[in-house]
Amino acid sequence: MAQATSALERRYGDTQRTDRWWLEPLLVGSGLALFILYSTVSAVLGEHWAFETERHLYLSPFFEPLIHPGWLPAWLSPAAFILWAPLGFRTTCYYYRRAYYRAYFLSPPACAVREPASSYKGESVFPLVLQNAHRWFMYVAVLFVPVLWIGAVKSYHLPGEGFGIGLGSLMLTINAFLLMMFTIGCHALRHWVAGGLNQFSRSPFRRLRRRVWEVFTIANEHHKLWAWTSLIFVGVTDLYIHLVATGVITDPHTWSGPI
Ligand code: FES
């Protein structure tokens, strides 16, 4: 009888939960798959790689910073030079790991739901040990924050016409803000600025480190929120600039003529 009970307990998907626990992994899995599909088509396979408007006012965040030296073959998307960094940063992010382990590997499908694995080695063996590269991706990803802010600020100035504002400028600004909040809320970055300290008072830069840690903690507390809003908005911004650049829609702005 005892053996029968333990065999039953090990059955995959067993749970006493009565709520719709499967809904979150389903939504997360669908959302991530949609973003991966869209970003791949847009950044790598799309016919117009860098979605710049006529007078180069807006550049899609998928291509910031735009790097495409003349000696490279024309078929190679400039996104290939830069997307590995934000992609690696997000893929190894602690929140995203939890999300796609559940959504794609069902390991576990949800809290208190029986998973198929009979043993657990964590991320200490290959291939999951590679997730520890997150800190290294973080060092590169932080560089994208000022780059995106510079792109956003530049979008308020049209050469020959001066300063103005367009819907695209606002979208690039919101995109830079969301990406900044996601990045500074990173657990690894927060540890980097103030980790390894038993007492702030013993650090030579105690005031600065404490202050930065406090600010980063504000973002860190809602890391999941920033992860999703920044992911969705970067895709929406790319799509918007693509539609403006190809003439499908017109950007409302304060300058005269096309942008
Ligand atoms: S933990 Fe999510 S970005 Fe670092």
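Using a 10 Å cut-off on Cβ atoms, rank the peptides 189-201, 142-154 from the highest mean neighbour count down.
Details: 189-201: 13.9, 142-154: 16.8.
Highest mean packing first, the order is 142-154, 189-201.
Remark: the range 34-49, residue by residue, has Karplus-estimated 3J(HN,Hα) of 5, 5, 4, 5, 5, 5, 5, 5, 5, 8, 10, 9, x, 5, 9, 5 Hz, where x stands for each Gly or Pro and the curve is 6.51 cos²θ - 1.76 cosθ + 1.60 at θ = phi - 60°.
Any chance you could run the full-extension gain for Tyr101 through Phe81? It's 0.36 nm times the residue separation minus the Cα-Cα distance, nm to one decimal.
Details: separation 20, 0.36 × 20 = 7.20 nm, distance 2.75 nm.
Fully extending the segment from Tyr101 to Phe81 adds 4.5 nm.
Protection proxy ranking of 18-24, 209-215, by the mean of other Cβ atoms within 10 Å over each peptide's residues and highest first, is 209-215, 18-24. Ordering of 29-35, 202-208, 158-164 by packing is 29-35, 158-164, 202-208, highest average first (other Cβ atoms within 10 Å, averaged per residue).
In order along the range 92-101, the phi-based Karplus estimate (6.51 cos²θ - 1.76 cosθ + 1.60, θ = phi - 60°) of 3J(HN,Hα) comes to 9, 4, 4, 5, 5, 4, 4, 5, 7, 4 Hz; Gly and Pro are listed as x.
Would you calculate a helix-derived [θ] at 222 nm for the chain, using -39,500 (n - 2.57) for each DSSP H run of n ≥ 4 and dividing by the full residue count, to the nearest 500? Write out the running numbers ahead of the final one.
On the way: 10 runs with 134 residues, N = 259.
The per-residue figure over the chain is -16500 deg cm²/dmol.
Please give the FRET efficiency for Leu239 paired with Gln199, using the beta carbon to beta carbon distance and R0 = 41 Å, rounded to the nearest 0.05. After rounding, the FRET efficiency stands at 0.25.
Can you give the relative contact order of the range 1-138 as a percent, counting alpha carbon pairs under 8 Å and 6+ residues apart?
Details: 115 pairs, mean separation 44.9, N = 138.
Rounded, it is 33 percent for the range 1-138.
With θ taken as phi - 60° and the Karplus curve 6.51 cos²θ - 1.76 cosθ + 1.60 applied, the whole-hertz 3J(HN,Hα) list for the range 221-238 is 5, 10, 4, 4, 4, 5, 4, 7, 5, 5, 5, 5, 6, 5, x, 5, 5, 4 Hz, x standing for glycine and proline.
Modelled this way, with points 7 Å down the Cα-to-C-beta line, the labels at Ala117 and Thr254 are 5.4 nm from one another. The range 197-259 and the range 156-184 have their alpha-carbon centroids 11 Å apart.
Every number here is computed from the coordinates shown, using simple stated rules; none is lab data. These numbers come from a predicted model, not from an experiment. Virtual Cβ from ideal backbone geometry, glycine too; neighbours counted across all protein chains shown.
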